[in-house]
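Just so it is clear, none of the values below were taken in a lab; they were calculated from the coordinates. As the structure is a prediction and not an experimental result, all values here were calculated from the model. Heads up, the Cβs are rebuilt from the backbone with ideal geometry, glycines too, and the neighbour counts pull from every protein chain shown.
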Amino acid sequence: MKSPLDTARAAALVGGQTVARYFREGVEIRNKQSYNLVSDADIHSEQAIVEVIRRDFPDHHLLAEEEHASRTDVEHLWLIDPLDGTNNFAHHIPHFAVSVAYYRDGQPWCGVIHNPLRDDWYVAERGRGATWNGQPVQVAPHQRLDQSLIGVGFYYDRGRMMEATLAALGDFFRAQVHGIRRFGTASLDLCHVAQGMYGAYFEFELSPWDFAAGRLFVEEAGGRVTTCDGAELPLAKTSLLASNGLLHDAALEIARRHLPRREPPSEPN
Ligand code: IPD
Ligand code: CA
Ligand code: CA
């Protein structure tokens, strides 16, 4: 029987081959909701990934962005983003990835993030470290924000959350960070924290398939991942702050200050 990590690699490989082929040959892009795009590349990558996992583990649950829903409180769960960075893909920017993670009893077990155009492989196994193309990776040693580059992501929102993210960015600049980057692929942003490129990365709303593999990659590289409120990360839609650990409190102080609060449920009339 295959290990979940072997299966995750095999699944990410076929997903990556699928999206790379569509990227080279071209594909029609559709609007899922405004600003949120989808194409046959996303759908067919997901189908190819799911086929590999189902062949090896037919009784496991699957939570994938496009066509597979599942509860998360199950023993064996696979979380799949078949094309992370769809907006880059749609605008011919060669920076996107496939993300496959396996969770056991709600805890990350292994994760693979694959950028097919660069043939980059980011692999993490719980308790066994994180590697980039076979080489161990480690977070940056920086102790202060004014020694660091910060990564950010914007959820598909043009309202409160967008304004809050912009306000937080102002405060990061005022803390004299070296710069701020928005590369548009959350899974790879997390890899950049793990590799020591970013001191920290935050986003006010992400889905489990966006961060399931990347959060393990950061943790196994010695970093820390919480919500932007400092709480343990839930396996649900959530804000997220990832850092090298040393900067976490300083970055958290800014992210938390701007994190949009959920509206309280309105009183029935
Ligand atoms: C998106 C990307 C982006 C992040 C968005 C995600 P998608 O995923 O990871 O960087 O800012 O919040 O939804 O839609 O390209 O899979
Ligand atoms: Ca995504
Ligand atoms: Ca996606």
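Return the loop-located trypsin sites (Lys or Arg not before Pro) in the stretch 158-261 (DSSP other than H, G, I, E, B) with at most 16 other Cβ atoms within 10 Å of their own Cβ; answer none if there are none.
Here the trypsin sites (Lys or Arg not before Pro) that fit, given the DSSP loop and packing criteria, are R158, R182, K237, R261.
Looking at the stretch 1-78, which chymotrypsin sites (Phe, Trp or Tyr not before Pro) are DSSP coil and have at most 15 other C-beta atoms within 10 Å of their C-beta?
Y35
How far apart, in nm, are the 7 Å Cα→Cβ label points at V74 and Q147?
4.5 nm
Place +1 on the Cβ of every Lys and Arg and -1 on the Cβ of every Asp and Glu in the stretch 184-230, take the dipole about the Cα centre, and give the residue among V218, A186, Y201 whose Cα lies farthest towards its positive end.
V218
From the P(r) of the chain, can you give the percent of Cα pairs sitting at distances over 35 Å?
12 percent
Charges only on Cβ, +1 for Lys and Arg, -1 for Asp and Glu: so what's the dipole of the chain about the Cα centre, in debye to the nearest 20?
520 debye
Can you tell me what the convex hull of the Cα atoms of the stretch 4-136 projects to on average, as an area in nm²?
Projected over every direction and averaged, the Cα hull of the stretch 4-136 covers 8.0 nm².
Could you list, bin by bin from short to long, the percent of Cα-Cα pairs of the stretch 145-258 in 10 Å steps?
The percentages, shortest bin first, are 16, 55, 28, 1.
So, with +1 on the Cβ of K and R and -1 on the Cβ of D and E, and no other charges, what is the size of the charge dipole of the stretch 4-136 about its Cα centre, to the nearest 20 debye?
With only Lys, Arg, Asp and Glu charged at Cβ, the dipole is about 260 debye.
With unit charges on the beta carbon (Lys/Arg positive, Asp/Glu negative), name the residue among A97, S45, T72 whose Cα is farthest towards the positive pole of the charge dipole of the stretch 4-136.
The residue sitting farthest along the positive end of the dipole is A97.
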